[in-house]
Amino acid sequence: VRIMNKPEYIIVHHSMTKDSGTKSWDAIRKYHIENMGMNDIGYHKGIEDIGGVITVMEGRADTISGAHTKELGMNSKSIGICVVGDYDVIAPAQSYLDILRELCNAYMVNYDIPVKNILGHREVGLMAGYDWTKGQFKTCPGRLFDMDVLRKFIFKG
């Protein structure tokens, strides 16, 4: 377990699974621990629909380095947020984006993170030299997840 002092980035992910309206977070945690050999779920927070209510799920403590974006050493300097759903297939619903914006805003205020440092996993891949549009990297948080739109509507304060 590595301690993270002050996160500088927020990295957005998707689960690549359909959000069934039931709690998937425990299954994701179990998969990370049992199949990937992690000591906990790789993300700090998750967002999913549980019985028609968009819910923020707790992952790792914010003070512990994540296991969500190894490129450019981002695990030790970023908060990882996973939005449950497959956004290669459908665009995220506005209700998910509203909760994600609120969560990002809280992290921005708490840790003084600028809007430009809210990135999709695929954008970190591009920064590391991998082009997701050429199949060199993941599409995460999904081909239909527009990070520019998310950043445009996030406010700080």
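The values are calculated or read from the model by the stated rules, or taken from the named source; none is laboratory data. Because the structure is predicted, anything quoted here is derived from the model rather than measured. In this analysis, Cβ positions are derived from the backbone assuming ideal geometry, glycine residues included, and neighbour counts consider all displayed protein chains. Surface areas here come from the heavy atoms of the whole protein model, side chains and all, with no ligands, DNA or RNA. Shrake-Rupley method; radii C 1.70, N 1.55, O 1.52, S 1.80 Å.
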Nitroxide proxy distance, nm - points 7 Å out along Cα→Cβ at E58 and N110: 1.1 nm
Cα gyration tensor shape of region 31-74, rounded if a/c is under 1.5, else prolate or oblate by comparing a/b with b/c: prolate
Built amide H within the under 5 Å cut-off of I50, gap 5+: T55
For D88, distant residues with modelled amide H under 5 Å away: R143, L144
Overall dimensions of region 101-146 by Cα: Rg and Dmax, Å: 12.5, 36
Potential lengthening between I50 and E102 on full extension [0.36 nm per residue; Cα-Cα distance subtracted]: 16.9 nm
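Any chance you could tell me what percent of the C-alpha pair distances in region 1-89 go past 22 Å?
23 percent
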Heavy atoms of V109 accessible to a 1.4 Å probe, total area in Å² rounded to 10: 80 Å²
Distribution of pairwise C-alpha distances over the chain, 5 Å bins, in %: 2, 10, 19, 24, 23, 16, 6, 1, 0
Heavy-atom SASA rank of V53, V149 (probe 1.4 Å, accessible area, largest first): V53, V149
Cα-based reach from K152 at 17 Å (exclusive), listing aspartates and glutamates while leaving out same-chain residues under 8 positions away: D98, E102, E123
Accessible-area value, R143, 1.4 Å probe, nucleic acids and ligands omitted, Å²: 130 Å²
